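**Q** I am attaching a structure below and will ask some questions about it afterwards.
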Amino acid sequence: MPEYKAPIRDLKFVMQELLDCENHYQHLGYEDASIDMIDAIIGEAAKLTEQVVAPLNQIGDQQGCTWTDGNVTTPDGFKDAYKQYVEGGWPTLSQSLEFGGQGLPHSLNMNIAEMFSSANHSFAMYPGLSHGTLATIEAHGSETQKQQFMPKLVEGTWTGTMCLTEPHCGTDLGMLRTKAELNEDGTYSLSGTKIFISAGEHDLSDNIVHIVIARIPSAPAGNKGISLFIVPKFNVNQDGSISDRNGVNCGSIEHKMGINGNATCVINFDGAIGHLIGEPNRGLKCMFTFMNAARIGVASEGVAAAEASFQGALAYAKDRLQMRSISGVKNPQGPADPIIVHPDVRRMLLTQKSIAEGGRALLSYLAQLVDIVHAEKDEAIKVETETKLALLTPIAKAFLSELGFEATSHGVQIFGGHGFIKEWGMEQLMRDTKISCLYEGTTGIQALDLLARKIIGTKGEILKPFSKDVTLFCQQNMDDTAMAEFIQPIMAYAKEWHQLTVTIGAKAAKNPDEIGGASVDYLMFAGYVTVAYFWAKMAKVAQDKLANGAEDKAFYEAKIKTAQFFIQRMLPRASGHAACINNGVDSMMSLDSEDFAF
């Protein structure tokens with residue numbers, strides 16, 4: 001099993017040097033978030049993830065969760081690790097002071113969350129889902145609901161879930177059948193079945209608070225008739241204490257491809273008491289608070305997987321001796337050279353490294369945008385920030401989960417036959433990571449959200465704030481000869497991004513299927529250009545540090561060389577996606593459904 005080491009140096013580079021988190025935090029009023037405090041928190045998180053959480057990763061995969069009469073037992077060690085997680089105050093990190101949180105920035109918490117996910121994807125999901133539950137209740141719940149549910153959720157002694165999917169109803173939520181009938185006391189009685197509920201039942205916390213979508217009998221059909229409810233496993237008194245068992249039961253757990261240490265549950269609601277969040281029939285709008293937070297979290301899973309797989313593959317590539325380098329012997333004292341000398345192995349390692357570090361930069365930037373939305377006082381800045389988040393969230397979620405999965409595939413490939421063997425842990429990373437391409441809307445759903453709803457729906461207006469940032473950076477550095485190899489390609493691809501948007505809009509006016517045909521390629525094109533922009537920014541920081549005599553010379557030189565790899569070997573993939581878009585949808589739709597024979 002790969003030995004996970006938290007990438008502290010790169011986390012600090014992104015937060016402190018690339019994104020200037022200290023000034024960012026001070027401007028937003030996070031006065032306690034000093035560099036010294038940030039360093040201390042990252043250091044303590046590294047210890048917990050490396051020494052406690054990571055060693056349980058393979059155990060969780062091998063043992064899985066156990067279901068007995070509606071109760072779920074997590075793998076050996078998970079319960080004690082979660083207890084340490086709670087006792088260390090980690091669930092409270094970025095939560096409101098009002099409810100017992102530490103009031104620290106969301107961006108700091110997201111970087112910590114990446115470490116937990118790299119160390120043990122399954123374990124990280126148990127507390128990870130609570131953040132969406134908290135965000136939803138804090139944004140849309142009544143004061144009574146906040147006082148009832150938030151303190152224990154913030155504390156971590158209770159956890160949360162999101163209950164959307166039903167056996168017949170996945171992405172198309174308007175088809176849901178779960179019913180919510182009004183009780184005399186103003187609560188609702190919920191009946192129905194939800195499936196694929198991550199962390200829906202377990203033995204880590206005292207209570208589980210489900211955020212559930214359901215339909216009130218008088219509600220209109222479709223998405224306009226969806227309401228949102230808080231449904232706890234154990235009913236909760238108004239003072240926040242636990243009461244009797246609610247009508248919530250885990251009917252079974254799924255036997256899965258990966259993330260076996262996390263319970264994926266069928267949850268049955270049998271007259272369960274639920275508390276309406278917000279107004280009736282307005283639940284989908286409230287639910288997007290949870291979903292958008294979860295999408296960024298899933299994007300982080302892709303980065304975390306790329307990092308973990310890279311670490312394992314790099315260590316192996318340095319040790320494994322196979323063949324001689326075609327450019328001359330590199331290890332004359334041994335019978336063969338280490339495989340890291342071979343160009344194809346380096347291609348895969350650098351692909352992993354560039355995905356992990358480029359994705360980390362993009363996600364840290366998105367997390368800072370979340371900070372701004374929460375704490376900025378200037379409304380105009382908040383509106384522009386929300387526009388950037390709306391654009392970049394589906395790109396990050398889909399692009400980074402897809403490339404994260406690719407990175408884990410390279411990890412298996414670098415190990416060769418050993419990568420296919422369970423004891424090395426590389427195939428587990430691949431199995432665990434595939435779910436990230438499905439969670440919170442598949443890649444295709446994210447792509448439709450981006451292209452149809454956001455790009456075409458706003459006639460391209462949503463692109464302007466982020467495009468302005470890219471253009472400004474390019475203009476500021478276009479006369480810098482050292483930056484030319486980064487700036488020129490990005491300017492060309494940014495221009496093509498705009499042209500593709502116009503092209504698709506024109507085609508879609510004649511044939512709406514052009515949107516669906518182009519959507520995934522459009523999102524992937526946007527992903528490569530966006531991450532290339534962040535790689536160029538990192539290269540600029542590294543160049544400036546070297547010019548000023550920075551001591552960590554090897555780190556900054558590696559950063560520049562990895563940026564060159566991404567620009568030269570990864571960014572050109574965008575051209576293939578552009579070609580697919582320009583070729584149109586006809587070849588996808590010409591074959592009749594009946595002719596898909598086998």
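**Q** Please work out which residue is farthest from Gly141 (Cα to Cα), limiting yourself to segment 277-299 and to residues that are out of contact with any helix residue (DSSP H, G or I) (no Cβ under 6 Å at 6 or more places or on another chain), surrounded by fewer than 23 Cβ atoms within 10 Å (Cβ to Cβ) and hydrophobic (A, V, I, L, M, F, W, C).
**A** Met291
**Q** So, one more: Could you tell me which of the residues Lys353, Lys318 is outside the structural domain of Thr562 (by TED's automatic domain parsing), modelled with pLDDT of 95 or more, over 11 Å from His410 (Cβ atoms) and assigned to a helix (DSSP H, G or I)?
**A** After applying the criteria, what remains is Lys318.
**Q** Just the residues that are of a type outside the set (Val, Ile, Thr) and either part of a loop (DSSP other than H, G, I, E, B) or within 13 Å of Leu190 (Cα to Cα) (or both), please, taken from segment 211-233.
**A** Ala214, Arg215, Pro217, Ser218, Ala219, Pro220, Ala221, Ser227, Leu228, Phe229, Pro232, Lys233
**Q** Next up: Looking at (1) among the hydrophobic types (A, V, I, L, M, F, W, C); (2) touching a helix residue (DSSP H, G or I) at 6+ places or on another chain (Cβ under 6 Å); (3) at pLDDT below 95, find the lone condition where Ala221 falls short.
**A** (2)
**Q** Could you check segment 324-344 and list, in sequence order, the residues that are of a type in the set (A, V, I, L, M), surrounded by 14 or more Cβ atoms within 10 Å (Cβ to Cβ) and either part of a loop (DSSP other than H, G, I, E, B) or in contact with a strand residue (DSSP E or B) (Cβ under 9 Å, 6 or more places away or on another chain) (or both)?
**A** Ala336, Ile339
**Q** Hey, another quick one. Looking at (1) touching a Gly at 6+ places or on another chain (Cβ under 7 Å); (2) among the aliphatic types (A, V, I, L, M); (3) at pLDDT 95 or above, which one does Ala40 not meet, given that it meets all the others?
**A** (1)
**Q** Then there is this: Looking at this structure, is Glu551 out of contact with any Phe, Trp or Tyr (no Cβ under 8 Å at 6 or more places or on another chain), at negative phi and at pLDDT below 95?
**A** It is true that Glu551 is out of contact with any Phe, Trp or Tyr (no Cβ under 8 Å at 6 or more places or on another chain), at negative phi and at pLDDT below 95.
**Q** Quick one: which residue in Ala536, Ala508, Ala550 is part of a loop (DSSP other than H, G, I, E, B), in contact with a helix residue (DSSP H, G or I) (Cβ under 8 Å, 6 or more places away or on another chain) and in the same structural domain as Asn477 (by TED's automatic domain parsing)?
**A** Ala550
**Q** Quick one: which residue in Gly334, Gly328 is farther than 28 Å from Ile560 by Cα, free of Cβ contacts under 8 Å to residues at least 60 places away in the same chain and more than 16 Å from the chain's Cα centre (by Cα)?
**A** Result of the check over Gly334, Gly328: Gly334.
**Q** For residues that are among the acidic types (Asp, Glu) and in the same structural domain as Leu400 (by TED's automatic domain parsing), scanning just segment 272-315, find the one that is farthest from Pro127 (Cα to Cα).
**A** Filtering first and then ranking leaves Glu307.
**Q** Hey, does segment 197-207 have a residue that's touching a strand residue (DSSP E or B) at 6+ places or on another chain (Cβ under 8 Å), more than 21 Å from Ala294 (Cβ to Cβ) and without any contact (Cβ under 8 Å) to a residue 60 or more places away in the chain?
**A** yes
**Q** Of these, Val529, Val502, which one is under 23 Å from the mean Cα position of the chain (by Cα), surrounded by fewer than 23 Cβ atoms within 10 Å (Cβ to Cβ), part of a helix (DSSP H, G or I) and not assigned by TED's automatic domain parsing to the domain that holds Ile381?
**A** Val529 is the lone residue from the list that is under 23 Å from the mean Cα position of the chain (by Cα), surrounded by fewer than 23 Cβ atoms within 10 Å (Cβ to Cβ), part of a helix (DSSP H, G or I) and not assigned by TED's automatic domain parsing to the domain that holds Ile381.
**Q** Right, another one. Out of curiosity, is Ala113 under 29 Å from Glu279 (Cα atoms) and in contact (Cβ under 8 Å) with a residue 60 or more places away in the chain?
**A** no
**Q** So, in segment 242-267, exactly how many residues are under 15 Å from Phe229 (Cβ atoms) and surrounded by fewer than 19 Cβ atoms within 10 Å (Cβ to Cβ)?
**A** Qualifying residue count for the region: 1.
**Q** Taking only segment 249-279 into account, find how many residues are of a type in the set (A, V, I, L, M) and closer than 18 Å to Leu176 by Cα.
**A** The qualifying residues number 5.
**Q** Within segment 78-101, which residues are surrounded by 17 or more Cβ atoms within 10 Å (Cβ to Cβ) and free of Cβ contacts under 8 Å to residues at least 40 places away in the same chain?
**A** Matches in segment 78-101: Ser94 only.
**Q** Sort out for me the strands (runs of 3 or more DSSP E) sitting completely within segment 64-164 that have 2 or more residues that are out of contact with any helix residue (DSSP H, G or I) (no Cβ under 6 Å at 6 or more places or on another chain).
**A** Once the strands (runs of 3 or more DSSP E) in segment 64-164 are filtered for at least 2 residues that are out of contact with any helix residue (DSSP H, G or I) (no Cβ under 6 Å at 6 or more places or on another chain), what remains is 66-68, 71-73.
**Q** Of the conditions (1) over 19 Å from Leu349 (Cα atoms); (2) surrounded by fewer than 19 Cβ atoms within 10 Å (Cβ to Cβ), Gln564 satisfies every one except a single condition; which number is it?
**A** Going through the list (1) over 19 Å from Leu349 (Cα atoms); (2) surrounded by fewer than 19 Cβ atoms within 10 Å (Cβ to Cβ), Gln564 breaks only (1).
**Q** Does Pro75 satisfy the criteria of being under 24 Å from Ser309 (Cβ atoms) and either buried (at least 19 other Cβ atoms within 10 Å of the Cβ) or modelled with pLDDT under 95 (or both)?
**A** Here the answer is yes, as Pro75 does meet what is asked.
The values are calculated or read from the model by the stated rules, or taken from the named source; none is laboratory data. Everything numeric here is computed off the predicted structure, so don't read it as measured data. Positions of Cβ are backbone-derived with ideal geometry, glycine not excepted, and every protein chain shown enters the neighbour counts.
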